[in-house]
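Here is the structure we will look at, set down as structure tokens.
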Amino acid sequence: MPRGGESLDLTVWDRASGLSRGPRHRNAMAHLDSEVKEECLREDLRFYFMNPCEKYRARHQIPWKLGLQILKIVMVTAQLVRFGLGNQLVVAFKEDNTVAFKHLFLKGYSGIDEDDYSCSVYTQKDAYESIFFVIHQYHRLKNISLATLDYGENEDNIIGLKICKQHYKQGTMPSSNDTLNIDSDIETDCTNLDLQTLDKDPQDWMQSPFFSLEFYRLLQVEISFHLKGIDLQTIHSRELPDCYIFRNKITFDNKAHSGKIKLYFDSDADIEECKDLNISGSIQKNTQYVLVFDAFVIVICLASLILCTRSVVLALRLRKRFLNFFLEKHKRRVCDADQWEFISGWYVLVIISDLMTIIGSILKMEIKAKNLTNYDLCSILLGTSTLFVWVGVIRYLGYFQAYNVLILTMQASLPKVLRFCACAGMIYLGYTFCGWIVLGPYHEKFENLNIVAECLFSLVNGDDMFATFAQIQQKSILVWLFSRLYLYSFISLFIYMILSLFIALITDSYDTIKKYQQNGFPETDLQEFLKECSSKEECQKESSAFLSSVCCLRRKGSDDHLILIN
């Protein structure tokens, strides 16, 4: 037992060296081990936050991901351009057929739609003639149409016209004492005119009781029919043609009973697989080349997706190492800003873009093989993915200080701008509802909420100001005066105040970023840790070199996956 004032010097026998080591030596070894771990972590963090060029100069590692992203930009853009050219033909074909159908089936159609409807009739004679004109034109379609059209089956699996009329259940004409008896229940009567019926004498079906219309209680007459067509213009682009089903509907709208029946023409086109199609030439080989190109795009995006996902996972591991070390050493948590430094928004953007490109390319291959006809979904996926790919190019421009100011300004001003827009949006919605309810009956730009919102947004940007003021109807002096107060106050508030404050927020963030670039950015815990020297007592090159060599010697081969490659 030791006596008072004496210390017990415990020793441990080291079998490897054959020497006995005491507590001081063990503490020195533990301190050295802690410094080595700290320096290893610091080196990993420094390497992680390097750009691809710096990483190549530091360790001569080829930036595979950078090269892959450049190749992907070229491939995805080329794919989108080719798909867009084909989609452009589809849109043009649908629009041309819609215009042709209006000229074929609407009596007296001038080629210009009246407001949101095609044309209108004002007498009972014109209404009957317009209805029978549709039927006659449908019957002799193949003899008068310039397009490659054929009759298609409707919902009832009948080749012909389906005519439905809606009217009030009961009603009487207004009498001399201004009384009107009407039953508001609506009845719908329908009839089918197939080709066999139309081949008969027209007087047989024209004199049918069904076509005896009581206009005082008639709500609408709806004529629907299906037609089949084929788009042969794609052959010139070395592609297989598309077959279409046109679902046409002509509506005679008399719901207002204003003496004016509006004629609406609606045509929906569905693409379907062409049956018994026999086309010779090099079209089939060209289609195979396009499918191979799309498959190569999928492979490129899949490789990019795997690499970026791996980088995100490894970044989270490195973040966990830093958080545990900082908590152990400083006994406090790292601030949220430093934690978010490890979550690269660019990687998330690339991952989303790759997923959309892969799904869109698969749909495009199915469309090209004529197994699928959903152009809209494929266009949204490919278009949005290409947008994200090109936005991601800003990341590499951000490595240069002259271009990085844009990214930093957007990052700094985005939270303030979103909060400001939330407040300004409340005022904007108030003006939208007010304009709709007050000016809607007197101004065509305020007829519904969607049009009002678009009109006010154009006013904020200085568009159509005079036309908006001039088109207000002066039927009510009170409403006219209110419209002036409404428009002047909105324009003054949003252009001179809200828009100026919006620009001021971005300008303030820009000035702050420029000042930081000149004087240095505020240092966070992460940045201070990266600048710290490995030794607290002295910072000499020999010590730093010694710790770096020890760090490299002690790092296991299995730890290399913690080093990220941007």
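Quick one: which of ARG15, ARG3, ARG24, ARG46 is charged (D, E, K, R), out of contact with any strand residue (DSSP E or B) (no Cβ under 9 Å at 6 or more places or on another chain) and modelled with pLDDT of 70 or more?
Working: ARG15 fails: modelled with pLDDT of 70 or more; ARG3 fails: modelled with pLDDT of 70 or more; ARG24 fails: modelled with pLDDT of 70 or more.
When all the criteria are applied, what remains is ARG46.
Quick one: in segment 354-366, of everything that is surrounded by fewer than 24 Cβ atoms within 10 Å (Cβ to Cβ) and out of contact with any Asp or Glu (no Cβ under 9 Å at 6 or more places or on another chain), which residue is farthest from TRP390 (Cα to Cα)?
Among them, the one singled out is GLU366.
Could you look through segment 459-472, keep only residues that are of a type in the set (S, T, N, Q) and either closer than 12 Å to LEU487 by Cα or in contact with a Lys or Arg (Cβ under 9 Å, 6 or more places away or on another chain) (or both), and pick out the one that is surrounded by the fewest Cβ atoms within 10 Å (Cβ to Cβ)? Give the steps one after another, and end with the answer.
At the first step, the residues of segment 459-472 found to be of a type in the set (S, T, N, Q) are 461, 468, 471.
Then keep just the ones that are either closer than 12 Å to LEU487 by Cα or in contact with a Lys or Arg (Cβ under 9 Å, 6 or more places away or on another chain) (or both); that gives 468, 471.
On the way: THR468: 20, GLN471: 13.
Only one residue tops the list, namely GLN471.
Please find, within segment 306-361, the residue that is farthest from ASN87 (Cα to Cα) out of those that are modelled with pLDDT of 85 or more and among the charged types (D, E, K, R).
Among residues in segment 306-361 that are modelled with pLDDT of 85 or more and among the charged types (D, E, K, R), the one farthest from ASN87 (Cα to Cα) is ARG310.
Give me a count of the residues in segment 201-214 that are touching a residue at least 12 places away in the same chain (Cβ under 8 Å) and open to solvent by 30 Å² or more (accessible area, probe 1.4 Å). Full working, then the answer.
Applying the first criterion (touching a residue at least 12 places away in the same chain (Cβ under 8 Å)) to segment 201-214 yields 202, 205-206, 208, 210-211, 213-214.
If we keep only those that are open to solvent by 30 Å² or more (accessible area, probe 1.4 Å) as well, we get 202, 206, 208, 210, 214.
The qualifying residues number 5.
Tell me whether segment 377-384 contains one or more residues that are at pLDDT below 90, of a type outside the set (Asp, Glu) and open to solvent by 50 Å² or more (accessible area, probe 1.4 Å).
Start the filter on segment 377-384 by keeping residues that are at pLDDT below 90, which leaves 377-379.
Now drop any that are not of a type outside the set (Asp, Glu), which leaves 377-379.
Next cut, open to solvent by 50 Å² or more (accessible area, probe 1.4 Å) only: 377.
Yes.
Six or more apart or on different chains, Cβ atoms under 7 Å: show the pairs whose first residue is in segment 59-87 and modelled with pLDDT under 85 and whose second is among the acidic types (Asp, Glu).
Within 7 Å, the pairs are GLY86/GLU239.
State which residue pairs qualify: first residue of a type in the set (Phe, Trp, Tyr) and inside segment 223-234, second residue in a strand (DSSP E or B) and open to solvent by 40 Å² or more (accessible area, probe 1.4 Å) in any location, beta carbons under 8 Å apart, and separation of 6 or more residues or different chains.
PHE225/LYS162
Are any residues in segment 470-485 farther than 16 Å from CYS434 by Cβ and in contact with a helix residue (DSSP H, G or I) (Cβ under 6 Å, 6 or more places away or on another chain), and if so, which ones?
Hits for segment 470-485 are GLN473, GLN474.
List every residue pair whose Cβ atoms sit under 6 Å apart, with the two residues 6 or more apart in sequence or on different chains, where the first one lies in segment 248-276 and is β-branched (Val, Ile, Thr) and the second, anywhere, is modelled with pLDDT of 90 or more and in a strand (DSSP E or B).
Taking only residues 6 or more apart or on different chains, the pairs are ILE250/ILE223; ILE250/PHE265; THR251/GLN220; THR251/GLU222; THR251/TYR264; ILE261/VAL121; ILE261/PHE252.
For segment 102-154, name all the residues that are without any contact (Cβ under 8 Å) to a residue 40 or more places away in the chain, part of a helix (DSSP H, G or I) and among the aromatic types (Phe, Trp, Tyr).
Result: PHE133, single match.
Please verify whether LEU414 is open to solvent by 50 Å² or more (accessible area, probe 1.4 Å), hydrophobic (A, V, I, L, M, F, W, C), modelled with pLDDT under 90 and more than 20 Å from TYR510 (Cα to Cα), treating the condition exactly as stated. Steps first, answer last, please.
Values: open to solvent by 50 Å² or more (accessible area, probe 1.4 Å): yes; hydrophobic (A, V, I, L, M, F, W, C): yes; modelled with pLDDT under 90: yes; more than 20 Å from TYR510 (Cα to Cα): no.
No: the conditions fail for LEU414.
Would you mind finding the one in ILE437, ILE451, ILE407 that is open to solvent by 70 Å² or more (accessible area, probe 1.4 Å) and of a type in the set (Val, Ile, Thr)?
One residue alone meets the criteria, ILE437.
For the list (1) under 28 Å from GLY111 (Cβ atoms); (2) part of a helix (DSSP H, G or I), I need the number of the one condition that ILE223 fails.
With (1) under 28 Å from GLY111 (Cβ atoms); (2) part of a helix (DSSP H, G or I) applied to ILE223, the lone miss is (2).
Return yes when ILE427 is over 17 Å from VAL479 (Cα atoms), part of a helix (DSSP H, G or I) and touching a residue at least 24 places away in the same chain (Cβ under 8 Å) and no when it is not. Talk me through it step by step, then tell me what you get.
Details: over 17 Å from VAL479 (Cα atoms): yes; part of a helix (DSSP H, G or I): yes; touching a residue at least 24 places away in the same chain (Cβ under 8 Å): yes.
Considered against the rule, which asks whether it is over 17 Å from VAL479 (Cα atoms), part of a helix (DSSP H, G or I) and touching a residue at least 24 places away in the same chain (Cβ under 8 Å), ILE427 comes out as yes.
If you take the residues in segment 132-150 that are open to solvent by less than 10 Å² (accessible area, probe 1.4 Å) and among the aliphatic types (A, V, I, L, M), which one is farthest from GLN196 (Cα to Cα)? Break it down into steps so the answer makes sense when it comes.
Let us first name the residues in segment 132-150 that are open to solvent by less than 10 Å² (accessible area, probe 1.4 Å), namely 134-135, 138, 141.
Filter again for among the aliphatic types (A, V, I, L, M), leaving 134-135, 141.
Details: VAL134: 17, ILE135: 13, LEU141: 15 Å.
Step by step, filter segment 132-150, then rank; the result is VAL134.
Within segment 491-510, can you find the residues that are exposed (fewer than 15 other Cβ atoms within 10 Å of the Cβ), small (Gly, Ala, Ser) and either more than 22 Å from CYS455 (Cα to Cα) or touching a strand residue (DSSP E or B) at 6+ places or on another chain (Cβ under 9 Å) (or both)?
ALA504
Return the residues of segment 227-242 that are part of a strand (DSSP E or B) and open to solvent by less than 20 Å² (accessible area, probe 1.4 Å); say none if nothing qualifies. Outline the logic, then answer.
So the first thing to find is which residues in segment 227-242 are part of a strand (DSSP E or B), and the list is 227-231, 242.
If the condition is that a residue be part of a strand (DSSP E or B) and open to solvent by less than 20 Å² (accessible area, probe 1.4 Å), then LEU227, GLY229, ASP231, ASP242 are the ones that fit.
The values are calculated or read from the model by the stated rules, or taken from the named source; none is laboratory data. In this text, all values refer to a predicted model and were calculated from it rather than measured experimentally. Cβ: placed from backbone, ideal geometry, glycine included. Neighbour counts: every protein chain shown. Side chains are part of the model used for accessible areas, which takes the heavy atoms of the whole protein and leaves out ligands, DNA and RNA. Shrake-Rupley method; radii C 1.70, N 1.55, O 1.52, S 1.80 Å.
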